[in-house]
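The values are calculated or read from the model by the stated rules, or taken from the named source; none is laboratory data. Computed from a predicted model, the values in this text were never measured in an experiment. Because the Cβ atoms are built from the backbone with ideal geometry, glycine has one as well, and the counts that use them run over all protein chains shown.
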Number of protein chains: 4
Amino acid sequence: MSIYEHKVQYYETDQMGIVHHSNYIRWFEEARTDLMDQLGFGYEKMEEIGIIIPVLSAEALYKTMTHFADVVQIEAKITEYNGIRLALSYVVSDKKTGVVRCTGKTSHCFLNKAGKPLSLKRSFPELHNMFDQALNKQPGDDLSTNVKNL
Amino acid sequence: MSIYEHKVQYYETDQMGIVHHSNYIRWFEEARTDLMDQLGFGYEKMEEIGIIIPVLSAEALYKTMTHFADVVQIEAKITEYNGIRLALSYVVSDKKTGVVRCTGKTSHCFLNKAGKPLSLKRSFPELHNMFDQALNKQPGDDLSTNVKNL
Amino acid sequence: MSIYEHKVQYYETDQMGIVHHSNYIRWFEEARTDLMDQLGFGYEKMEEIGIIIPVLSAEALYKTMTHFADVVQIEAKITEYNGIRLALSYVVSDKKTGVVRCTGKTSHCFLNKAGKPLSLKRSFPELHNMFDQALNKQPGDDLSTNVKNL
Amino acid sequence: MSIYEHKVQYYETDQMGIVHHSNYIRWFEEARTDLMDQLGFGYEKMEEIGIIIPVLSAEALYKTMTHFADVVQIEAKITEYNGIRLALSYVVSDKKTGVVRCTGKTSHCFLNKAGKPLSLKRSFPELHNMFDQALNKQPGDDLSTNVKNL
């Protein structure tokens, strides 16, 4: 698995001269969707087969400031998965120096298109295996799975 | 019709210490949806009955700078409407001083949910009348119409 | 003190058909800056006299979904203040039904323009009193203070 | 010169199920700052030596819709430069199919930190040459210049 990178854009800064704190929540999403792409079954495929993955909670701890034109690396890791709920942790760090900018967490559930909670384990066992195998893998570990287009 | 107001938020600023230029395009949308609310049939009602109003073009001329905590007034006016196409113009000005911050235009068409172009005139004559009557009305003019929930 | 209101804009939605979760973090900021305005000394005045208030942490618990054109009320309350650190809690609820959409917290410190931590208690006693008196006040309580332009 | 690429993020979509139109204005900025990096003197270096490059106008013509997870290529080209004013044009197209999504233009001036207009030709002849040589170059052309850190 490769580590997701993001180059800071001008429109992400605020008048403090740093990245506005709300953007880290968006970067978590960038890294999360990238992780799922790497697992072999991205968000857009999920939604195509009728699975919605809303965010139940999000938190960010801001350690140091990120500036325009910096490149950050965002490590996303699946920390909890039980077939119904999913949680990830994130570490955002400066690519050049390795200094940690921000850490965070999000938690999620799975819904069908009617908005009803979904047990991935029961309804989509192949995707269940995908998440289950990815649990606690580190960036750099082999995350390739054999999920086919369902 | 009342003039739409927007208070500038911190997250709308960039490191130049002013509002990022992309936000004016969003403010045009705020004023446009507010105008349609005032006409009596807002975007959300449009979408409920299956009408999508995508943006075909947008332009902004930035005159003077807007800062955090400023209150701006955004005048939206329908400048063209022919049953198939819709165009609006916008003037953003500082509430306190009246100084113009930005002017702009957007143009739009009407699509059904399948993405096919829609003649409002033929398919939704009541909405057609609503837009037709609003053409070239000034902020302050009576814009009340008798559109019912369709 | 009045409760801050926000009308959901089209650009705040995502393809799930609901408000993107990152926007709640921005709404917390809207309510926080509004609270400080009501206390009598807003963010823009803070920055004018050289005080920066960065966000150290932010979290949100998403309870129910918010849709385009909904009006939400955002109650912000100062839950901790000790002269050096500041924390707030937030409740976002639907204006019409009162249903809670999201709760959250943020924490902050005070920096001078050189980026050095600032004891408000020592350096700006009048602002210190302002925050101290606002601690744990409820929306609806009288929050007027006598802070003058410093 | 390489062509700038952007992968569409979930938070860039709206409830129409496509990219919100305001984001194209942001993508123009992404491609513009990337172009300047490639010319050898990026926005952040400009601002370090006291040059601000505000946007005077922006326009976008939306041709076809962009969806989540699409990769777009954004070609930015300097179309006008006279030492005082700068204008660029943009073409956003789908990476896979080459279908054009959007075209656009922006125009800019140069200001010093006090907000006064700046003649790059007079005050920064090396940067003047950089822009002058880049005028009307195509993506793929050699754009390397010899601008040093000033």
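Annotations for the structure displayed:
- Residue within region D:51-63 that is touching a residue at least 60 places away in the same chain (Cβ under 8 Å), in contact with a Ser or Thr (Cβ under 9 Å, 6 or more places away or on another chain) and within 14 Å of another protein chain (Cβ to nearest Cβ) present: yes
- Selection from region C:96-105 of residues that are part of a strand (DSSP E or B) and of a type in the set (A, V, I, L, M, F, W, C): C:Val100, C:Cys102
- Condition broken by B:Lys96, with the remaining ones in (1) more than 24 Å from C:Asp34 (Cβ to Cβ); (2) surrounded by fewer than 20 Cβ atoms within 10 Å (Cβ to Cβ); (3) out of contact with any Ser or Thr (no Cβ under 6 Å at 6 or more places or on another chain) satisfied: (1)
- Checking each residue of region D:61-71 against the condition of being surrounded by fewer than 22 Cβ atoms within 10 Å (Cβ to Cβ), closer than 19 Å to A:Asn23 by Cα and of a type in the set (A, V, I, L, M, F, W, C) gives at least one match.
- Residue match in region A:5-20 (condition: in a helix (DSSP H, G or I), over 22 Å from C:Arg26 (Cβ atoms), in contact with a Phe, Trp or Tyr (Cβ under 7 Å, 6 or more places away or on another chain) and not β-branched (Val, Ile, Thr)): no
- Matching residues in region A:99-108 - criterion: being charged (D, E, K, R) and either surrounded by fewer than 16 Cβ atoms within 10 Å (Cβ to Cβ) or closer than 14 Å to A:His6 by Cβ (or both): A:Arg101
- Condition check for A:Ile51: modelled with pLDDT of 95 or more and within 25 Å of D:Gln15 (Cβ to Cβ): yes
- Residue in region A:30-39 that is at the interface with another protein chain (Cβ under 7 Å from one of its Cβ atoms), more than 19 Å from C:Thr106 (Cβ to Cβ) and in a helix (DSSP H, G or I) present: yes
- Qualifying residue in region D:30-43 (condition: modelled with pLDDT of 95 or more and on the phi > 0 side of the Ramachandran plot): no
- Restricting attention to region B:75-95, the residues that are more than 14 Å from chain D (Cβ to nearest Cβ), of a type in the set (D, E, K, R) and either without any contact (Cβ under 8 Å) to a residue 24 or more places away in the chain or in a strand (DSSP E or B) (or both) total 4.
- Hey, B:Tyr24 more than 10 Å from chain D (Cβ to nearest Cβ) and either part of a helix (DSSP H, G or I) or in contact with a strand residue (DSSP E or B) (Cβ under 8 Å, 6 or more places away or on another chain) (or both) or not: no
- Members of region B:106-137 that are part of a helix (DSSP H, G or I) and either β-branched (Val, Ile, Thr) or under 28 Å from B:Ser22 (Cβ atoms) (or both): B:Phe131, B:Ala134
- Residue-level check: of (1) buried (at least 17 other Cβ atoms within 10 Å of the Cβ); (2) charged (D, E, K, R); (3) assigned to a helix (DSSP H, G or I); (4) away from chain C (no Cβ under 14 Å), A:Glu47 misses just (4).
- Lone unmet requirement of (1) surrounded by 15 or more Cβ atoms within 10 Å (Cβ to Cβ); (2) within 10 Å of chain A (Cβ to nearest Cβ); (3) among the small types (Gly, Ala, Ser); (4) more than 13 Å from the chain's Cα centre (by Cα) for C:Gly115: (1)
- Residue match in region A:8-20 (condition: in contact with a Lys or Arg (Cβ under 7 Å, 6 or more places away or on another chain), at pLDDT 95 or above and within 14 Å of chain C (Cβ to nearest Cβ)): yes
- Identity of the residue in region B:118-136, among the polar types (S, T, N, Q) and under 17 Å from the mean Cα position of the chain (by Cα), that ends up nearest to B:Ile74 (Cα to Cα): B:Asn136
- Filter result (in a loop (DSSP other than H, G, I, E, B) and closer than 18 Å to C:Asp14 by Cα) within region C:54-74: C:Lys63, C:Thr64, C:Met65, C:Thr66, C:His67, C:Phe68, C:Ala69, C:Asp70
- Selection count, region C:32-48, where residues are of a type in the set (Phe, Trp, Tyr) and over 14 Å from B:Gln9 (Cβ atoms): 1
A quick yes/no check of all residues on (1) in contact (Cβ under 8 Å) with a residue 40 or more places away in the chain; (2) within 22 Å of B:Asp141 (Cβ to Cβ); (3) within 10 Å of the chain's Cα centre (by Cα):
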position: B:Ile18; (1), (2), (3): yes, no, no
position: B:Ala31; (1), (2), (3): yes, yes, yes
position: B:Asp34; (1), (2), (3): yes, yes, yes
position: B:Gln38; (1), (2), (3): yes, yes, no
position: B:Glu48; (1), (2), (3): no, no, no
position: B:Gln73; (1), (2), (3): yes, yes, no
position: B:Thr97; (1), (2), (3): no, no, no
position: B:Lys105; (1), (2), (3): yes, yes, yes
